[in-house]
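The values are calculated or read from the model by the stated rules, or taken from the named source; none is laboratory data. Everything quoted here is computed from the prediction, not taken from an experiment. Methodologically, a virtual Cβ is constructed for each residue, glycine included, from the backbone with ideal geometry; neighbour enumeration extends over all protein chains shown.
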């Protein structure tokens, strides 16, 4: 597995000089760096180790004004060489760089005590003792401390041997299925076009791959790759990588963007995080306080919303929602660094527990789910994220960044959940999943809605499926609404009759008066045949009001016994079916049907013949051509 080493330490303590002595590469490439004699931008080199392994090297600036560049470089390293000058000892950026490495999850390294040729043995012993005391509570407490001089070569062989040991012992855990390259440099190469560089922190990139820049969403294709300065067909996680991009100009790409495959990352304006305020911070972090937020190679402004407190004191850890001024694309488990405004200094770090965060109420019900995430195992993490996503659910691709799991591990967990009813795949094409618990809550809500509807409208057979989706199901994805309804129908909890949906136990129950009115109404229309009285005349004839009659009219229509073909004009369905048969018989002997032919066939006046001819057109029995009707081919 490729390994990346990073430098850290105060300005002018010899980081770049040491890298040049070890690799032969001068990482200060800018004219301003040469002129001022300080490192401003990140520098990159590589060195061959015994056994043939190549060690990538990231050289970072030590000046306090360029700490943001240091964070960008440290974001992808596996272990650190903390550089401390023997003639000065521990200095401010020594402390800040070490804290940044700690916050970014670096747990291994070596200490290079440089410029030993400039001090005597007594001073070196004092500095060594002081450095050991300072590092005693850090991850470098047991690390080797190697005195070196880049000028006369003292200690360089011992340092190389220690680097080889670290690289050999180090087995960084990197995902293999989610290619991510945080971009730290963008430039043009003559004859090639736009090139971006970075440390491939996970996955693999191949020449010819389709790629996307996040968060901008700009699409491109990998024209070519270089790994540690050599052309290659593929780059693997942990390698310093240069990518030649097709179809993009330099101004189309920003440092801090992430290069990944299409549809694999999801930029968001808010992340849920576990945040730790450094014990060395001068003061705590306030709720709604603003910070410089560093993730990968990107820096944005962010506000911190603590979910269970008003202030995070130095040394404390708490849940927090970070909200950004512009979107960031992260993955659960990523580490971030936060710096205060005044004084501009590193004050906190955090780990993403959900990179797709919705609004969370302080002290709200989500807090218990979020609190369980940091210590959750793989399967529990999947279950918790599905619950947090609620009725929206999550796609398989979104769950990959939400859970931080490899695709095979995630697939296994989801299939296990599906078999136990703990999760459901409601859209196979888009691979959309929803929590079984959330689905059960939706099911209960839908059944309760139908029960309330039946109680409110006892004379209605049921609710039209489309009406149900636009009322109770408003806001649900149409495919999820369909999945939910089909699931309940299959389980026998809902009955569907044509377009109407009802509970199995529901049947129209009429009171004595309503049952009598139903029979009388139906009798009027069946007796009226194709010349029924109009609506108002029927009400007057039966001595009932519109409010009393309307539910019974609707029931007769739902039962398929009467049909409304025009305002205030209803017909018995039996009469209409008889009309269709008469017209079909007419067309068996004639090619066309004119208005006069229809009146002669039915003995109807214009009042009824015109609406009924339009009804036949609508029912696709006839087709109007000019003033005549033709039989519609079935």
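I'm trying to understand the selection: among the residues of segment 286-302, which are in a strand (DSSP E or B) and under 23 Å from the mean Cα position of the chain (by Cα)? Within segment 286-302, 293, 294, 295, 298, 299, 300, 301, 302 meet the criteria. Condition test on residue 598, is it at negative phi, surrounded by 18 or more Cβ atoms within 10 Å (Cβ to Cβ), part of a helix (DSSP H, G or I) and modelled with pLDDT of 90 or more? Yes; evaluated as a whole, the condition is true for this residue. Per the listing 76, 105, 109, the residue uniquely surrounded by fewer than 17 Cβ atoms within 10 Å (Cβ to Cβ) and under 24 Å from residue 199 (Cβ atoms) is 105. Taken over segment 216-265, the criterion of being in contact with a helix residue (DSSP H, G or I) (Cβ under 9 Å, 6 or more places away or on another chain) and on the phi > 0 side of the Ramachandran plot is satisfied by 256, 263.
Sort out which residues of segment 578-595 are within 16 Å of residue 531 (Cβ to Cβ), surrounded by fewer than 18 Cβ atoms within 10 Å (Cβ to Cβ) and within 60 Å of the chain's Cα centre (by Cα), and write them in order of number. Full working, then the answer.
Taking segment 578-595 first, the residues within 16 Å of residue 531 (Cβ to Cβ) are 578-579, 582.
Those left that are additionally surrounded by fewer than 18 Cβ atoms within 10 Å (Cβ to Cβ): 578, 582.
Residue satisfying the conditions is 578 alone.
Being modelled with pLDDT of 90 or more, touching a helix residue (DSSP H, G or I) at 6+ places or on another chain (Cβ under 6 Å), outside any loop (DSSP other than H, G, I, E, B) and crowded, with 18+ Cβ neighbours inside 10 Å is a condition met by at least one residue of segment 190-204. Within segment 107-126, the set of residues being farther than 17 Å from residue 154 by Cα and touching a residue at least 40 places away in the same chain (Cβ under 8 Å) comprises 108, 109.
For segment 324-431, list the strands (runs of 3 or more DSSP E) that sit wholly inside it and hold at least 2 residues that are at pLDDT below 95; which are they?
Working: elements: 335-339, 346-354, 423-427.
Hits in segment 324-431: 335-339, 346-354.
No other residue among 424, 342, 326, 418 is touching a residue at least 24 places away in the same chain (Cβ under 8 Å) and surrounded by fewer than 16 Cβ atoms within 10 Å (Cβ to Cβ) apart from 326.
Screening the candidates 555, 561, 542, 634 for the property of being touching a helix residue (DSSP H, G or I) at 6+ places or on another chain (Cβ under 6 Å) and at pLDDT below 90 yields one hit, 542. Could you tell me whether segment 303-314 includes any residue that is modelled with pLDDT under 95, in a strand (DSSP E or B) and out of contact with any strand residue (DSSP E or B) (no Cβ under 6 Å at 6 or more places or on another chain)? Among the residues of segment 303-314, not one is modelled with pLDDT under 95, in a strand (DSSP E or B) and out of contact with any strand residue (DSSP E or B) (no Cβ under 6 Å at 6 or more places or on another chain), which makes the answer no.
Scanning segment 215-237 turns up no residue that is without any contact (Cβ under 8 Å) to a residue 60 or more places away in the chain, crowded, with 17+ Cβ neighbours inside 10 Å, more than 22 Å from the chain's Cα centre (by Cα) and in a loop (DSSP other than H, G, I, E, B).
Where helices (runs of 4 or more DSSP H) fall entirely within segment 463-548, those with at least 2 residues that are within 29 Å of residue 579 (Cβ to Cβ) are at 512-528, 535-542.
Taking the numbered list (1) in contact (Cβ under 8 Å) with a residue 24 or more places away in the chain; (2) within 30 Å of residue 318 (Cβ to Cβ) in turn, residue 246 passes all entries but (2).
Once segment 601-629 is narrowed to residues that are over 18 Å from residue 570 (Cα atoms) and part of a loop (DSSP other than H, G, I, E, B), the residue that is modelled with the lowest pLDDT is 627. Within 17 Å of residue 101 (Cα to Cα) and surrounded by fewer than 18 Cβ atoms within 10 Å (Cβ to Cβ) - does that describe any residue in segment 284-307? No, segment 284-307 contains no residue that is within 17 Å of residue 101 (Cα to Cα) and surrounded by fewer than 18 Cβ atoms within 10 Å (Cβ to Cβ).
Annotation: residue 92 fulfils all but one of (1) buried (at least 20 other Cβ atoms within 10 Å of the Cβ); (2) over 17 Å from residue 157 (Cα atoms); (3) at pLDDT below 90; the unmet one is (1). Residue 311 fulfils the conditions (1) surrounded by 15 or more Cβ atoms within 10 Å (Cβ to Cβ); (2) without any contact (Cβ under 8 Å) to a residue 60 or more places away in the chain; (3) over 23 Å from residue 198 (Cα atoms) except for a single criterion, (1). Only one entry in 41, 48 is at pLDDT below 85 and over 36 Å from the mean Cα position of the chain (by Cα), namely 48. Residues that are outside the structural domain of residue 243 (by TED's automatic domain parsing), more than 17 Å from residue 75 (Cα to Cα) and out of contact with any helix residue (DSSP H, G or I) (no Cβ under 9 Å at 6 or more places or on another chain) number at least 1 in the following helices (runs of 4 or more DSSP H) confined to segment 85-185: 121-135, 156-169.
Take residue 503 and tell me if it is farther than 23 Å from residue 467 by Cβ and either touching a helix residue (DSSP H, G or I) at 6+ places or on another chain (Cβ under 9 Å) or touching a residue at least 24 places away in the same chain (Cβ under 8 Å) (or both).
Details: farther than 23 Å from residue 467 by Cβ: no; either touching a helix residue (DSSP H, G or I) at 6+ places or on another chain (Cβ under 9 Å) or touching a residue at least 24 places away in the same chain (Cβ under 8 Å) (or both): yes.
Here the answer is no, as residue 503 does not meet what is asked.
If I filter segment 435-443 for residues that are crowded, with 21+ Cβ neighbours inside 10 Å and assigned to a loop (DSSP other than H, G, I, E, B), do I get at least one hit? No, that holds for no residue.
Only one of the numbered conditions (1) assigned by TED's automatic domain parsing to the domain that holds residue 311; (2) in contact with a helix residue (DSSP H, G or I) (Cβ under 6 Å, 6 or more places away or on another chain) is violated by residue 344, and that is (2).
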